[in-house]
Amino acid sequence: MATKSSSGGDFPPDPDPAGPGESGGRLKRDGNTDGASTVSAGAGAGASGGAGAAKPSVPGRVVGERRKRFLVAPRQPLGSLSAGLAGGLHPAVFSGGPSFDGVEQALRDHPEIDFVGSVGPRKDLSTLSTGGPGGQAVLVARMSDKNAARLHQQGAGTLLVERDQHLYLTDASFIMPGLVTGLMPGGPTLNVAITVLGRDNMPVPGAEVSIFGSMLPVSGVADDNGQVVLALPTDTARSITGLYVKPKADYWSFYQRDPDIGLDEPNVVSLRALSDWPTLKDFPQRHAYGWGQKAMRLDQLPPQLRGQGIKVAVIDSGAATTHQNLEQVRAGVDIMQKTDAQGWRKDDLGHGSHCSAVIGGAAIATGMRGFAPDAEMHECKLFPGGQISQLIDALEYCIENQIDVVNLSLGGAQPSEALEQQIIRAKRAGIACIVAAGNSGGPVQYPASSPNVLAVAAIGKLGEFPPDSYHAQTLTPTVDANGFYQATFSCFGPQVDVCAPGVAIASAVPANNFAAWDGTSMAAPHVTGLAALVLAHHPDFQSTFKARGPERVERLFQLIKMSARPVTIGDTGHIGAGLPDVLVAIGLQAGLAQLQGGLQQGRQGLGAGVGVGVGVGVGAGAGAAPIPAPAYAGGFAQPQGQQQSYAPMSAGPQWPANNGIQGSQPGNPFGAFW
């Protein structure tokens, strides 16, 4: 079903991969084509997979490149543009003249380009923020790579043209197809029967069961009897290296390395209930704090400090308001299906519900209280299927609704200049974006690598999960005296600002259950909830930094980082400033940074500023706080004279600190093959 763009037009999701190539029929808004539906001799000429000998007429179409969604926006004030695209495209894309309105009209008129809609600024918000260049909306159009490259070239550095890349919530490990080998599909298989049982030997339906062997992993889902049969190709029982069981809710996961698997009878896996673990005894019938909340000392916060008056948005998969800890959530929008006014209340993935309850779960007698239960929660449903354009739209919702803090437990494959412009607009509007660093175990991923957000890595703690659960696989040799360690999956690099609990985090999932999950996606909500408390209760935000703007955001980030204490025995690239402390961040106690810095650190602050704690100051001048502009890697050109460097602690795009908003250098948004 089509959604609505910022401009009110149809905004359909990316079509099914079976869509037309550049030589296919005209793509309609519903994803269908009005071209021929029969492949005749030579019909695939020019398609990526259609070259070769002529084929007889058969029903269907030759598989080739499909049109993909691109984002088009002004990078800087548009200058003189030539009359048409190189390469013989007609009518000329720029026939409307040098204005961006002319670009939009030309995209609408071009016979080989499908105009989808626009996202970004919907009205004059000058009182809250200044937009991207010219305050223009970002155009979304579907076209071939070739036409996108021509459009980019014709823009001569003044147009931003980039893929509308898909986003993901957790680690999107891509498994390359196997090489063409002598192993035939459909060869001998090994059948393994697994029965998953829970408390009182009751079956656990819906549990995901995976077996790892010498070939690719094989997975299945337990039926209503808790049973599943997995067929492993060309394996033996002795070659099985791992058995992993992930329940949907209410139980701990299970992992056994080198399992003793039988082939003649079902193999029984008995799961532990969450409440069987000592720190969650009688949970959820009894209220409990998560181990992460206690590590940040939320349990020591005066009970009247609950985040009142602060608006928090969670851009994720929606929230199940059927859950006892999320019934108080009243506001939201389904970015993907705007015609469904209540669509954001349905969370098929559970991810958004889990994050939301950590931030603002209701403070009731049962379940788990969030950091800021009295904050006004807004749910922006972006998944499944979210892309950069829809994230830009979600951030526009946040700007219009004067959201204070946004949780982004998501990432993309590479930086996006269009998204960065919107993040800057949000920051100028006084919106703080808290972003998960990523789960690939490599360099910090975008948008966490942006200099205009707060990036959060994940840590775990010994003793907070059963040793036979999969959470134990996140352990690294960086365990400190208190049991904290850096999680194996957490991304790292100089862009990491702080770390937070992200292993075995118990929180709400649909319909009214709880689950313990891992990820920087779970770590970021801890810091988002803390940010809401700081904005609501720290005295700075009732006086000097009460007004919305980038200075307010920077002061918030500074206070969170100043409250942090070092944890684990690893380097700062994995933990940033360390684990934030609730009492210190709100100003109820002095932190390590203040005690060590004292008055000398206060004098070396950002200016004459306001003293905080025991002497850390920050400037509050009349001018706007500088917002650095990113230099993009893997799709955008390097500033001249700079060389992109990749190393374990400096991987990913390098973000130079500039003294103002600047347009990025013109670059190639299509990767090295262009």
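Identify all residues within the stretch 236-260 that are over 24 Å from Ser507 (Cα atoms) and open to solvent by 20 Å² or more (accessible area, probe 1.4 Å); write none if there are none.
Restricting attention to the stretch 236-260, the residues satisfying the condition of being over 24 Å from Ser507 (Cα atoms) are 236-243, 256-260.
Selection gives Thr236, Ala237, Arg238, Ser239, Thr241, Gln256, Arg257, Asp258, Asp260.
Just to be sure before I move on: is Ala532 hydrophobic (A, V, I, L, M, F, W, C), farther than 14 Å from Leu579 by Cβ and assigned to a loop (DSSP other than H, G, I, E, B) in the structure I sent?
no
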Assess whether Gly441 counts as being in a loop (DSSP other than H, G, I, E, B), within 20 Å of Asp347 (Cβ to Cβ), open to solvent by 10 Å² or more (accessible area, probe 1.4 Å) and touching a strand residue (DSSP E or B) at 6+ places or on another chain (Cβ under 9 Å). no
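How many residues are closer than 26 Å to Leu535 by Cβ and polar (S, T, N, Q) if we restrict to the stretch 415-444? Write out each step before concluding.
Within the stretch 415-444, the subset closer than 26 Å to Leu535 by Cβ is 419-438, 444.
Keeping just the survivors that are polar (S, T, N, Q) gives 421-422.
So the count comes out to 2.
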By residue number, the members of the stretch 181-202 that are at pLDDT 95 or above and within 19 Å of Gly262 (Cβ to Cβ) are Ala193, Ile194, Thr195, Val196, Leu197, Asn201
Number of the exception - Val204 against (1) within 30 Å of Phe283 (Cα to Cα); (2) open to solvent by 70 Å² or more (accessible area, probe 1.4 Å); (3) of a type in the set (A, V, I, L, M); (4) touching a Pro at 6+ places or on another chain (Cβ under 8 Å): (2)
Among the numbered criteria (1) at pLDDT 95 or above; (2) more than 30 Å from Arg286 (Cα to Cα), which one does Gly412 miss? (1)
Determine the pairs where a residue that is within 10 Å of Asn512 (Cα to Cα), located within the stretch 322-338, has a partner that is assigned to a strand (DSSP E or B) and at pLDDT below 95 with Cβ atoms under 9 Å apart, the partner being 6 or more residues away or on another chain. Asn325/Met368
Enumeration of residues in the stretch 330-361 that are assigned to a loop (DSSP other than H, G, I, E, B) and surrounded by fewer than 22 Cβ atoms within 10 Å (Cβ to Cβ): Arg330, Gln337, Lys338, Thr339, Asp340, Ala341, Gln342, Lys346, Asp348, Leu349
Restrict the check to the stretch 423-430 and report whether at least one residue is closer than 30 Å to Asp276 by Cα and small (Gly, Ala, Ser). no
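For the stretch 388-416, name all the residues that are part of a strand (DSSP E or B), crowded, with 24+ Cβ neighbours inside 10 Å and within 12 Å of the chain's Cα centre (by Cα).
Result: Val406, Asn407, Leu408, Gly411.
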Of all residues in the stretch 261-312 being surrounded by 18 or more Cβ atoms within 10 Å (Cβ to Cβ) and small (Gly, Ala, Ser), the one that is nearest to the chain's Cα centre (by Cα): Gly292
Residue pairs qualifying under the 7 Å Cβ cut-off, at least six apart or on distinct chains, with the first in the stretch 544-563 being at negative phi and assigned to a loop (DSSP other than H, G, I, E, B) and the second being hydrophobic (A, V, I, L, M, F, W, C) and open to solvent by less than 10 Å² (accessible area, probe 1.4 Å), are Arg548/Ala429; Ser563/Ala585
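Each row is one residue, and each column tells you yes or no for (1) over 16 Å from the mean Cα position of the chain (by Cα); (2) modelled with pLDDT under 95; (3) among the polar types (S, T, N, Q).
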| position | (1), (2), (3) |
| --- | --- |
| Ile315 | no, no, no |
| Gly318 | no, no, no |
| Gln324 | yes, no, yes |
| Ala331 | yes, no, no |
| Gly350 | no, no, no |
| Ile364 | yes, yes, no |
| His378 | yes, no, no |
| Leu382 | no, no, no |
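The values are calculated or read from the model by the stated rules, or taken from the named source; none is laboratory data. Not measured: the values here are computed from a predicted model. Reconstructed Cβ throughout: ideal geometry from the backbone, glycine too, with neighbour counts over all protein chains shown. All accessible areas refer to the heavy atoms of the entire protein, side chains included, with ligands and DNA or RNA removed. Shrake-Rupley method; radii C 1.70, N 1.55, O 1.52, S 1.80 Å.
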